[in-house]
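What follows is a single structure, written as structure tokens, with notes after it.
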Amino acid sequence: CICVPISCVLMRIEIRQLFADFVQCDRADETVTCFTTLLRALSLTEGKWSFDMLRAAAEPALPFSQRKIFSLLAERRARVAHLRQQDRPPLLVAGAGPVGLRSAVEAALLGFPTTIVERRTQVSRHNIIK
């Protein structure tokens, strides 16, 4: 029998719930808040984390269904690993709609310096990335 401190069990449950909340967000402000809260729970510094750090910190606490997201992102990242060896020009994404957000996330994941420009000051519709 392996004894696990109750604080570790509670932390895993909290991380699972925070991750589920983050994935289910459908508003930009909610997404940022949920992700920042998740980073704090994982003891990752906002702005100083990488995909690999996030995956290593979160995956052990997540069930298979939630870990699948990391697997899919890692596969996508590996498919274009050769781009990492080349010069990566900065990218500008005009518009933070669902397509713009997805493009920006994928470009940043691939290592491109990415900037999003959005003229709206408020998000009035759901920007859902699938």
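Looking for whichever is modelled with pLDDT under 90, aliphatic (A, V, I, L, M) and under 19 Å from R12 (Cβ atoms) here; the options are L39, L91, L83. Which one fits?
Only one candidate passes the filter, namely L39.
How many residues are touching a Pro at 6+ places or on another chain (Cβ under 8 Å) and modelled with pLDDT of 85 or more when one looks only at region 107-121?
3
Within the bounds of region 75-86, is there any residue that is under 21 Å from A20 (Cβ atoms) and either under 12 Å from the mean Cα position of the chain (by Cα) or in the same structural domain as Q24 (by TED's automatic domain parsing) (or both)?
no
In the list A28, A20, A57, which residue meets the criterion of being of a type in the set (G, A, S) and more than 25 Å from G97 (Cβ to Cβ)?
Just a single option satisfies the conditions, and that option is A57.
Hey, can you tell me all the residues within region 57-74 that are closer than 16 Å to L18 by Cα and surrounded by 12 or more Cβ atoms within 10 Å (Cβ to Cβ)?
Residues satisfying the conditions are A57, A58, E59, A61, L62, Q66, R67, I69, F70.
The values are calculated or read from the model by the stated rules, or taken from the named source; none is laboratory data. Model, not experiment: these values are computed from the prediction. Positions of Cβ are backbone-derived with ideal geometry, glycine not excepted, and every protein chain shown enters the neighbour counts.
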